[in-house]
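The values are calculated or read from the model by the stated rules, or taken from the named source; none is laboratory data. As the structure is a computational prediction, the values presented were derived from the model and not from experiment. Ideal geometry is used to build each Cβ from the backbone, glycine not excepted, and the neighbour counts take in all protein chains shown. What goes into the accessible areas is simple: the full protein's heavy atoms, side chains included, and nothing from ligands, DNA or RNA. Shrake-Rupley method; radii C 1.70, N 1.55, O 1.52, S 1.80 Å.
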Amino acid sequence: MLNLHSHTEYCDGRAPMVEMAEAAYGIGFRTWGFSPHSPICCPSGANMKAEDVDAYIKEASILKEKYAGRMRILTGMEIDYLSEDFGPHTEYFRELPLDYRIGSVHFVRTQNGRPVDVDGPAERFLKYLVSEYDCDLRYVVETYFAEELEMLDKGGFDIIGHLDKIGDNGSHAQADLEDQAWYARLVEDVIAKAVEKDVIIEINTKKFESANRFFPALRWWPLLKKYGAKLILSTDAHYPDKVAAGYAAALDLLRSNGMASQLTVRYESV
Ligand SMILES: [Zn+2]
Ligand SMILES: [Zn+2]
């Protein structure tokens, strides 16, 4: 078993690295990657602090030794894309000594260009929709996917995180959002671009137990198959008891849909 998307107390995860690694090893993972939310240039409680990056990388290297021969530990980061001036492509992130990088969009710029966190609880998103985006859900959704396309064009990362995450909070504002043809086109544009750029698409299982949803949602899996996307399973765990949440269910579905062969072997333990 392999998972490269996890969080610890370095950002908004709820346990030290060693506790996450122990839980992962105990449940059967043989490759485990840490991916703290990157430092960011605007205030954010969810992101790690730039001054903690060295300590994070050092702690990961200690765990690599501790688990040597038993579980492969990889040092990653989930890097926020904010704009052409800040993202996985910028020099700071390119120069960090990381084993891999996840590129994710959590912040969508407002009509005035200010980045606002559209991830997190639906209630907060609905408030921001009114206070920050002039109630324009379509603007938010289109800008979210436009930022993902920009991020893919600029590069600097290996895996695109939860590529349709906006569909979850967005559906709380408009229940049939994902049924819209324009929405489906945007999802397909991002999948096609990721394949074109040889970026791995994660199947993120974080909300499977609580909301019966994967990212990308099951309805888009035929597109992942049609485009032959390279895939990786990610639990995006923030708690030790969630290290494998949704993993087996997603793997079963990949197998029954004839997609298991699309899972990348790039990070398999050696
Ligand atoms: Zn994320
Ligand atoms: Zn994450």
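Suppose we filter the stretch 120-171 for residues that are under 22 Å from residue 76 (Cα atoms), open to solvent by 30 Å² or more (accessible area, probe 1.4 Å) and within 16 Å of ligand 1 (Cβ to nearest atom); how many remain?
Qualifying residue count, the stretch 120-171: 2.
Looking at 102, 73, 57, 79, which is the one that is β-branched (Val, Ile, Thr) and surrounded by fewer than 17 Cβ atoms within 10 Å (Cβ to Cβ)?
57
Among the residues of the stretch 197-217, what is the count of those that are crowded, with 22+ Cβ neighbours inside 10 Å, over 21 Å from residue 154 (Cβ atoms) and either hydrophobic (A, V, I, L, M, F, W, C) or more than 16 Å from ligand 2 (Cβ to nearest atom) (or both)?
The number of residues fulfilling the criteria is 3.
Being in contact with a helix residue (DSSP H, G or I) (Cβ under 6 Å, 6 or more places away or on another chain) and farther than 22 Å from residue 113 by Cα is the filter; apply it to the stretch 66-96 and report the residue that is farthest from ligand 2 (Cβ to nearest atom).
That would be 71.
Tell me the residue from 46, 23 that is touching a residue at least 12 places away in the same chain (Cβ under 8 Å), among the aliphatic types (A, V, I, L, M) and within 16 Å of ligand 1 (Cβ to nearest atom), please.
Just one listed residue meets the conditions, 46.
When you scan the stretch 218-261, how many residues do you find that are of a type outside the set (D, E, K, R), surrounded by 15 or more Cβ atoms within 10 Å (Cβ to Cβ) and not in a loop (DSSP other than H, G, I, E, B)?
Qualifying residue count for the region: 15.
What tally of residues in the stretch 64-86 results from selecting those that are away from ligand 1 (no atom under 14 Å from the Cβ) and part of a strand (DSSP E or B)?
6
Need pairs with beta-carbon distance below 6 Å; first residue within 28 Å of residue 183 (Cα to Cα) and within the stretch 223-244, second open to solvent by 10 Å² or more (accessible area, probe 1.4 Å) and assigned to a strand (DSSP E or B); sequence gap 6+ or separate chains.
As it stands, the answer is 231/263, since those pairs meet every condition given.
Would you mind finding the one in 100, 81 that is farther than 21 Å from residue 45 by Cβ and modelled with pLDDT of 95 or more?
After applying the criteria, what remains is 100.
Checking the condition part of a helix (DSSP H, G or I), closer than 25 Å to residue 12 by Cα and of a type in the set (Val, Ile, Thr), which residue from 141, 130, 108, 116 passes?
Just one listed residue meets the conditions, 141.
Condition test on residue 104, is it touching a strand residue (DSSP E or B) at 6+ places or on another chain (Cβ under 8 Å), within 14 Å of ligand 1 (Cβ to nearest atom) and at negative phi?
It is true that residue 104 is touching a strand residue (DSSP E or B) at 6+ places or on another chain (Cβ under 8 Å), within 14 Å of ligand 1 (Cβ to nearest atom) and at negative phi.
One line per residue, one yes/no per condition, for (1) open to solvent by less than 40 Å² (accessible area, probe 1.4 Å); (2) at positive phi; (3) among the hydrophobic types (A, V, I, L, M, F, W, C):
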{"site": "5", "(1), (2), (3)": "yes, no, no"}
{"site": "17", "(1), (2), (3)": "yes, no, yes"}
{"site": "22", "(1), (2), (3)": "no, no, no"}
{"site": "41", "(1), (2), (3)": "no, no, yes"}
{"site": "65", "(1), (2), (3)": "no, no, no"}
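Count, please, the residues in the stretch 88-125 that happen to be within 18 Å of residue 159 (Cα to Cα) and in contact with an Asp or Glu (Cβ under 7 Å, 6 or more places away or on another chain).
Number satisfying all stated conditions: 7.
Cβ-Cβ distance below 7 Å, separation of 6 or more or different chains: which pairs start in the stretch 116-127 with a residue that is modelled with pLDDT of 95 or more and end on one that is open to solvent by 30 Å² or more (accessible area, probe 1.4 Å) and assigned to a helix (DSSP H, G or I)?
Qualifying pairs under 7 Å: 116/128; 118/128; 122/172; 125/172; 126/172; 126/173.
Would you mind telling me which numbered condition in (1) within 16 Å of the chain's Cα centre (by Cα); (2) of a type outside the set (Val, Ile, Thr); (3) within 14 Å of ligand 2 (Cβ to nearest atom) residue 20 fails?
(1)
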